[in-house]
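Report on one structure; see the data block that follows.
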Amino acid sequence: MLQNFIAPDLTPALPEIFLLSMACAILLLSAFTHRTRLIAALIGPLTQLTLVGCAVLTYLTMDTQTVLTFSNMFVDDLLGDFLKLILMVAVTTVLVYSRDYLAVRNLEKPEFYLLVLFATLGMMVMISASHLITVYLGLELLSLSLYALVAIDRDSSRATEAAMKYFILGALASGLLLYGMSMIYGATGTLEIGGIAQAIDNHAANSGLMIFGLVFLVAGIGFKLGAVPFHMWIPDVYQGAPTPMTLLIGSAPKLAAFAMTLRLLVYGLFDLAGHWQAMFMIMAVLSIALGNLAAIAQTNLKRMLGYSTISHMGFLLLALMSGVVGDDKHFALNAYSVAMYYVVAYVMMSLGSFGMILLLSRAGHEAENLDDFKGLNKRSPWFAAMMMIFMLSMAGIPFFVGFFAKFSVLLAAVDAGYLSLVIFAVIFSLIGAFYYLRVIKLMYFDPPIDTAPIEARLDMRVLLSANGIGVALFGLFPNMLMALCTATLIHSM
Amino acid sequence: MMNFLLSLSIWTPILGALLIFAVSAIGAIGEHSSSQQRNTVRWLSLAVALVSFLVTLPLYLGFDTQATSFQFIEQAPWIPRFNVWYLLGVDGISLLFILLNSFITVLVVLAGWEVIEEKQAQYMGAFLIMSGLMNGIFAALDAMLFYVFFEASLIPMYIIIGVWGGPNRVYAAFKFFLYTLAGSLLMLVALIWLFLESGGSFVLPEWHALKIGMAPQILLFIAFLIAFAVKVPMWPVHTWLPDAHVEAPTGGSVVLAAIMLKLGAYGFLRFSLPIAPDASHYFAPMMIALSLIAVIYIGFVALVQTDMKKLIAYSSISHMGFVTLGFFLFNSLGIEGALVQMISHGFISAAMFLCVGVMYDRMHSRMIGDYGGVIHTMPKFAALFVFFAMANAGLPATSGFVGEFMVILGAVKTNFWVAAAAATTLIMGAAYTLWMVKRVAFGPIANDHVRHLVDINQREFLILALLAVCVLGMGLYPFPFTDVMHISVDNLLRHVAVSKL
């Protein structure tokens, strides 16, 4: 047996291996020396350094070649590298935004950093998965870390409740996904994503069983993205979780979920596009409608942003369902690059808007209600302007990145012939504009209730400002990011 | 230098506004007293507004009135991924609006000199940004660029109404934003459709040349109509305007009436007519009917108003009805008359709102009933007020007469009864404007508040006098205005006369 063993090529997975080693090292460090204050203070910066190192490694090993390793279970391509880089930026930002909030609540424990690192590892594995088992491994590593993170404030009953909900619904979704994967294995006889695609191409797959499995896969993906009717967990978890966890859940995992969608459905089941696009269509319509309508009724900003996420995911699905028209596949590149652009833009806006909640929170005060933003313009014109940028961008008003994300999705959808669906989406983004405008109204038109000065550390102020300016600059010069997304996909498809 | 004029006219006020924000932020940290701080902001704003106006003057001086094509063209790739260009250029139709806009912005800055006490830097900055964005709308020759400016211009106006507006400002700000956004989002779908239909281009002159079948033309026309009719505003989607006007601060009302309403009308000339000419002819009777309803019915509505700002708002809708009427007559008198009417209405409505603003600053009331006999205490002001009211009613020798007369002449060529109905505006306009002036300015002094009014100061006199000169000048000698637009209008009419089917 041993003679047949070929050592796998480890270089494509170098960033993941680095991250894992560092996570283990930090784990040991915190386990054996947690009483020393000095070491405890080191863990935060060490985690940041790990992420930066991981990003540097990803960047250095980035090339246009697609390499498969670990018996074709792991793929290293440009798509993966690009998404991982953005992932690193997003997670690093999350850590910077969260630090003060956690410190004053005595939650800045080593567990937090470790769980974030493992969640990041899970997302990286999901992004680079080329095998159903790898997809599932990454997904579970991410999800389990997130469940624990939501519950990290053990004394808060609200957070515990949110964690329970998240866990139960998440486990159900994982079960559905796993069931779907087993069906597909049954139909094609392989778990490799490339192999599945080949089997379908050669008509070697049992098509009835395939579609049966596909339904479960789509349900699992829908849960991870948070699209209606698999959205139930989003509002409760977004509201109940401590804000830094909401920030984390609301940003980086969307990149991983997007990658998972591409890997499973586009790389694996592209020939069944007609079927999964039809399912996406229903999910997109429902998400856009429900997300925008329900957000109007909210008084809690985190919950409102949760519903807004749902509607954004509807737009993402709108792009993903525009890749194949009949048997014509030449729309695919445009549609998926537009979807990727949308996800990246969304992550940027989501980081900023949850970051604003963290900025205004302080010891004993959670600035998570809409009323907490009242009169912000009088307290800090600069950060009121930043929040206005995030809100307008989410509403899809130019010149901000969110507008161009929406615009390019709508263009792809009209191109694919979904004109009436686009009109529907446009009408609901008008309804959506109302609740984003309401936030601006509170900040600018109303007198402040809370007049405490904003006490945030310099690094957070700078990063949050950079985040806002970034949303504006990527809107003034949208081509760079769009072109990057397109170029990435050209080399990876 | 000549090639960057349009960019300068767009970005000077916007960058200037950012500079003002920065200066006021630094001032807030420093030890400056607030009055010193306010002075810096005011003078800086005026300087920015003046420079922005001055850079638009060479546009007029260097404009070739004989050329049929767009001038001062600037072209640079903006979003190559979707073939969107940073493409600017003006013709005789858009040129005057850029000048008007930059001119009005100077007046708005002057008008907000003393009245605005809260967040003055933001107030001035918002108006300057809006001025730049609106110049962008008039200069854009790429449909996406147009759209982006068109929507972005809502943001500063929303803030202006909401922060510095009257008691019901929040409602008005939302209504303004959502109404306009509703219209423009459907236009976005139309733009995307045209992009795909034209083989991947957003360039307007290419769209003008594009052959389109009747059914899509009708749908396009409707999509554009919804967007622009809301903005004009045409009856029956006009209801946001009185609310916005009443609640907006004086400067906001001025910019709304003088420039923002023109964006919709301009859209008809740039999009609806040249892109869907057959549908435009098909819908012309409906458009004329809607315009006449605006002229006559809204004229009656204006008559019964008790709030001066609301009255002028309704009078604006009625006057804009004249503009849309002129467009859909499809003759050069009609369209030129409509354009003259737009410019003239820019001056007159700005002046009327400034007059109301002058009184409001002193009395904090817009109600006609609270006034009476203002002429006894404010003679200089009353003279100018009466003059602008006459112009609003379309008195010959004022600019208000020129446009209306040309449109009525154009209407006679098409249909006598349309002309007759349109001509009632001269009676209606005189009725509601002069009756208001009679109740406000003339008669015995109504109460003690009026008795203690102080006449206008030099700054206020300067603003109103400048506008009076424009109104009178344009009324006596409209040639410099019509001369610029003549070739472009003829060109447009030739284009619209050819079927695209």
Practice prompt. Report the extension gain between A:Q198 and A:V104 in nm, rounded to one decimal, defined as 0.36 nm multiplied by the number of residues separating them, less their alpha carbon distance.
Written response: 28.4 nm
Response to the item:
With T = 20 °C, eta = 1.002 mPa s and Kirkwood Rh from C-alpha pairs, the Stokes-Einstein D of region A:8-490 in µm²/s is about 95
Worksheet entry | Theoretical gain in end-to-end length, A:R457 to A:V56 [0.36 nm per residue, Cα-Cα removed] | 141.8 nm
Worksheet item: In terms of Cα to Cα distance under 23 Å, which lysines are near enough to B:K211, apart from those fewer than 8 places away along the same chain?
Response: B:K500
Item to complete: Provide the packing ranking of B:349-359, A:437-447, A:99-109, i.e. peptides ordered by the mean count of other C-beta atoms within 10 Å per residue, highest first.
Response: B:349-359, A:437-447, A:99-109
Worksheet item: Which ³J(HN,Hα) values, rounded to whole Hz and listed in residue order, are derived for region B:395-408 from phi using the Karplus coefficients 6.51, -1.76 and 1.60 in 6.51 cos²θ - 1.76 cosθ + 1.60 with θ = phi - 60°, glycine and proline given as x?
Response: 5, x, 6, 10, 5, x, 6, 4, x, 5, 5, 4, 5, 5
Worksheet entry | Per-residue HN-Hα couplings for region A:361-366 [Karplus 6.51, -1.76, 1.60; θ = phi - 60°; Hz; x = Gly/Pro] | 7, 8, 4, x, 9, 9
Worksheet item: If you add up the charges near A:Y267, with Lys and Arg at +1 and Asp and Glu at -1, over every other residue whose beta carbon is less than 13 angstrom from its beta carbon, what do you get?
Response: -3
Item to complete: Collect residues whose amide H, placed 1.01 Å from N in the peptide plane, falls under 5 Å from the amide H of A:R362; neighbours closer than 5 in sequence don't count.
Response: A:A367
Worksheet, complete the sentence: Rounded to a whole number, the mean other protein chain Cβ count within 10 angstrom for residues of A:395-408 is 4
Discussion item. Please arrange B:M436, A:M394 by how many other C-beta atoms lie within 10 Å of their C-beta, fewest to most.
Written reply: B:M436, A:M394
Worksheet entry | Unit Cα scatterers, Debye sum, the protein assembly as shown: log10 I(q)/I(0) for q = 0.05, 0.08, 0.09, 0.10 Å⁻¹ | -0.34, -0.81, -0.98, -1.14
Item to complete: Rounded to the nearest 500, what is the 222 nm mean residue ellipticity of chain A from helices alone, with -39500 (n - 2.57) per DSSP H run of 4+ residues and division by all residues?
Response: -25000 deg cm²/dmol
Discussion item. How much length would be gained if the chain were fully extended between A:N4 and A:L49, taking 0.36 nm per residue of separation minus their Cα-Cα distance, in nm to one decimal?
Written reply: 12.3 nm
Item to complete: Quick one: grab the alpha carbon gyration tensor of region B:145-303, order the square roots of its eigenvalues as a ≥ b ≥ c, and give me rounded if a/c is under 1.5, else prolate or oblate depending on whether a/b is larger than b/c.
Response: oblate
Practice prompt. Net charge near A:L317: determine it from the other residues with C-beta under 14 Å of the C-beta of A:L317, scoring Lys and Arg +1 and Asp and Glu -1.
Written response: +3
Worksheet entry | Euclidean distance between Cα centres, region A:201-220 to region A:365-383, Å | 50
Worksheet item: What nm value, rounded to one decimal, do you get for the distance between B:M367 and B:D490 when each label is placed 7 Å out toward the C-beta?
Response: 5.6
Item to complete: Any chance you could get the radius of gyration and Dmax over the Cα atoms of region B:360-501, in Å?
Response: 19.8, 68
Worksheet item: Rounded to the nearest 500, what is chain B's calculated 222 nm mean residue ellipticity when only DSSP H runs of at least 4 contribute -39500 (n - 2.57) each, over all residues?
Response: -24500 deg cm²/dmol
Practice prompt. Which order do the peptides B:97-103, B:125-131, B:17-23 take when ranked by the mean count of other beta-carbon atoms within 10 Å per residue, highest first?
Written response: B:125-131, B:97-103, B:17-23
Response to the item:
Expected sort for A:T61, A:T261 with the fewest Cβ neighbours (10 Å cutoff) up front is A:T61, A:T261
Worksheet item: In region B:221-262, which residues have a backbone nitrogen under 11 Å from the label point lying 7 Å from B:I293's Cα in the Cα-to-Cβ direction?
Response: B:234-238
Worksheet item: Which residues' amide hydrogens lie under 5 Å from the amide hydrogen of B:D307, considering only partners 5 or more residues apart or on another chain, with H built in the peptide plane?
Response: B:I368
Worksheet item: How would you classify chain B from its alpha-carbon gyration tensor, with a ≥ b ≥ c the square roots of the eigenvalues: rounded for a/c under 1.5, else prolate if a/b is greater than b/c, otherwise oblate?
Response: oblate
Worksheet entry | Estimated vicinal HN-Hα couplings, Hz - region B:301-309 in sequence order (Karplus 6.51, -1.76, 1.60; Gly, Pro = x) | 4, 4, 4, 8, 6, 10, 9, 4, 5
Practice prompt. Output the peptides B:52-61, A:369-378 sorted from most to least packed, where packing is the average of other Cβ atoms within 10 Å over each peptide's residues.
Written response: A:369-378, B:52-61
Worksheet item: Out of residues 5 or more away from A:D153 or on other chains, whose amide H comes under 5 Å of its own, with H placed 1.01 Å from N in the peptide plane?
Response: none
Worksheet item: Local charge sum around A:L178 (other residues, Cβ-Cβ under 14 Å, Lys/Arg +1, Asp/Glu -1)?
Response: 0
Discussion item. Take B:E197 and A:S157, extend 7 Å from each Cα along the Cα→Cβ direction, and tell me the distance between the two endpoints in nm.
Written reply: 6.1
Fill in: Exercise: per-residue mean of other protein chain Cβ atoms within 10 Å, A:411-418
3
Worksheet item: With labels modelled as points extended 7 Å from the Cα through the Cβ direction, what inter-label distance (nm, one decimal) is found for A:H365 paired with A:D328?
Response: 5.8
Discussion item. Under the rule a/c < 1.5 gives rounded, and otherwise a/b versus b/c splits prolate from oblate, where does region B:428-478 land using the Cα gyration tensor?
Written reply: oblate
Worksheet item: When Cβ neighbours within 10 Å are restricted to other protein chains, what is their mean count per residue of peptide B:185-192?
Response: 6
Discussion item. Taking the Cα centroid of region B:369-397 and of region A:72-143, what is the distance between the two, rounded to the nearest whole Å?
Written reply: 70
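A short reminder: the numbers here are calculations on the coordinates, not readings from a lab. No experiment lies behind these values; they were computed from the predicted model shown. Every residue, glycine among them, receives a Cβ derived from its backbone with ideal geometry; neighbour counts consider all protein chains shown.
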